[in-house]
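Here is the structure we will look at.
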Amino acid sequence: MFCMKCGAPLSDSAYCPACGCDVSVQKQAIVLSGLYYNQGLEKALVAFRGGIRQVPPMSSAIKVKGQKLYEIARRGGEIERKPRSVTISELKVLGREGDDFFLDISCSKGTYVRTLCHDIGASLGCGGCMSSLRRTRAGEFSIEQANSLSEVQDAADRGMANSLLLPLDTLFSAYPALTVSEQGESAIRVGRSFRQAAPDGSYRVYGPAGDFLALCRVCEGELRCIKSFFEV
């Protein structure tokens, strides 16, 4: 909980440790004031943006000594888990419905949103849990590009399910495209590195005919294949 006057975290004392004001009335206002909740939540979220450490939940599939945590939890057990580093690049309040808040979260892989909600609630002193989760983006793919189950079923019924599939190279759209010569394509197809005029970095590599060949890396003018995707 936070002081409504200065925003400082509140303790069990009747007075704010920062500004000294009487907070007993403020605490009574928790049930009545949505503004208090909003301000307190906004301040609490600051500590959860950027790099944070999370303790994986017992309901996760992480293995400890060959056993998945959720298997241990189903047997009624609980073991110590080491915290893991994750990154919360965006965390903001979208809205509120009753006592439920809607959060927009952009996070790194390995982030447990259920744990994030729990930790935010713990920092507020009131507890918190996740009641629903909607993934709106995964990598370069957004929910606007998705098809509903009914759309997929309709396409399948018309024999056009494949028309909904995206080309393989869209997985690597974050990397710049690089077209190589016929000699370069031949080298990639046999797994051989070769000289290529391009800045250092990773590339989506295409042959002269526009076929997607591989994900490659250029280092000091030499191109090496990271992963090939051409048919053999």
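The values are calculated or read from the model by the stated rules, or taken from the named source; none is laboratory data. None of the values given here were measured: they were computed from a predicted structure. Quick reminder, even Gly has a Cβ in these numbers, built from the backbone with ideal geometry, and neighbours come from all protein chains shown.
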Taking the residues in region 134-164 that are in contact with a helix residue (DSSP H, G or I) (Cβ under 6 Å, 6 or more places away or on another chain) and not hydroxyl-bearing (Ser, Thr, Tyr) as candidates, determine which candidate is nearest to Asp104 (Cα to Cα).
Asn147
Would you mind stating whether Asp169 is surrounded by 13 or more Cβ atoms within 10 Å (Cβ to Cβ) and either of a type in the set (Val, Ile, Thr) or over 30 Å from Leu45 (Cα atoms) (or both)?
yes
Of the candidates Ile143, Ile188, the one satisfying the condition of being touching a strand residue (DSSP E or B) at 6+ places or on another chain (Cβ under 9 Å), closer than 30 Å to Tyr112 by Cβ and not assigned by TED's automatic domain parsing to the domain that holds Lys109 is Ile143
Failed condition for Gly210, given (1) in a loop (DSSP other than H, G, I, E, B); (2) closer than 22 Å to Phe141 by Cα, with all others met?
(2)
Answer yes or no as to whether Leu45 is assigned to a strand (DSSP E or B) and within 18 Å of the chain's Cα centre (by Cα).
no
Give the residues of region 95-151 that are of a type in the set (Val, Ile, Thr) and in a loop (DSSP other than H, G, I, E, B), sorted by residue number.
Thr111, Thr136
Conditions (1) surrounded by 12 or more Cβ atoms within 10 Å (Cβ to Cβ); (2) closer than 20 Å to Leu171 by Cβ; (3) without any contact (Cβ under 8 Å) to a residue 24 or more places away in the chain -> Ser186 fails only (2)
Restricting attention to region 183-205, the residues that are touching a helix residue (DSSP H, G or I) at 6+ places or on another chain (Cβ under 8 Å) and among the aromatic types (Phe, Trp, Tyr) number exactly 1
Please give the number of the condition Glu90 fails out of (1) in a strand (DSSP E or B); (2) free of Cβ contacts under 8 Å to residues at least 24 places away in the same chain; (3) closer than 30 Å to Ser202 by Cβ.
(2)
Restricting to region 103-138, name every residue that is free of Cβ contacts under 8 Å to residues at least 12 places away in the same chain and on the phi > 0 side of the Ramachandran plot.
Gly127
Which of the following residues is in contact with a Gly (Cβ under 9 Å, 6 or more places away or on another chain) and among the small types (Gly, Ala, Ser): Gly127, Gly201, Gly221?
Gly127
Selected residue (criterion: modelled with the highest pLDDT) from residues of region 152-166 that are in a helix (DSSP H, G or I) and loosely packed, with under 11 Cβ neighbours inside 10 Å
Asp157
